[in-house]
Amino acid sequence: MFLRFINPAIVSPYEAGILDKKPPPRIERGLKLMSKILQSIANHVLFTKEEHMRPFNDFVKSNFDAARRFFLDIASDCPTSDAVNHSLSFISDGNVLALHRLLWNNQEKIGQYLSSNRDHKAVGRRPFDKMATLLAYLGPPEHKPVADTHWSSLNLTSSKFEEFMTR
């Protein structure tokens, strides 16, 4: 969780789309150190090899239990739909429509990103070509008012969903 999702966003906020411009080198260094501390807490491991990180060991150790509770929290079952006012199913017509619109509107950016990615040679164009073929077959997404989608019951708009998914 931390290694693949949280820490990359912390270390590279510009690349993750969180910031509009790259942070200065001093801030980047601070973000890297903070990421190391978070990863150490997540791994339940103290610093031993990096001398300059050892002063943080007390802080790291004091947060082991909080990290364990966090992981248990995110891994535990969601409450049943009886206990919640809205459906917990994330697959709905509104979600499918929002995803279709998101992919349709950004397929050029997706293609550019995939072709500039360093793993491009390993992955090839096949996944993008499949997506483009599917989108061509489906055609442009139909426009549906937000009131007709699942988002209205959650007090969200599909554009907020699209914005979140874009980030």
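The values are calculated or read from the model by the stated rules, or taken from the named source; none is laboratory data. No experiment lies behind these values; they were computed from the predicted model shown. In case anyone asks, the SASA skips ligands and DNA or RNA and just uses the protein heavy atoms, side chains included. Shrake-Rupley method; radii C 1.70, N 1.55, O 1.52, S 1.80 Å.
Please go through the range 4-20 and give me each residue that is open to solvent by 100 Å² or more (accessible area, probe 1.4 Å) and either part of a helix (DSSP H, G or I) or at pLDDT 90 or above (or both), ordered by number.
Of all residues in the range 4-20, those open to solvent by 100 Å² or more (accessible area, probe 1.4 Å) come to 4-5, 14-15, 20.
Answer for the range 4-20, where residues must be open to solvent by 100 Å² or more (accessible area, probe 1.4 Å) and either part of a helix (DSSP H, G or I) or at pLDDT 90 or above (or both): R4, F5.
Okay, residues lined up against (1) in a helix (DSSP H, G or I); (2) of a type in the set (S, T, N, Q); (3) within 25 Å of the chain's Cα centre (by Cα); (4) modelled with pLDDT of 90 or more:
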position	(1), (2), (3), (4)
L38	yes, no, yes, yes
P55	yes, no, no, yes
S87	no, yes, yes, no
L97	yes, no, yes, no
G111	yes, no, yes, no
H143	no, no, no, no
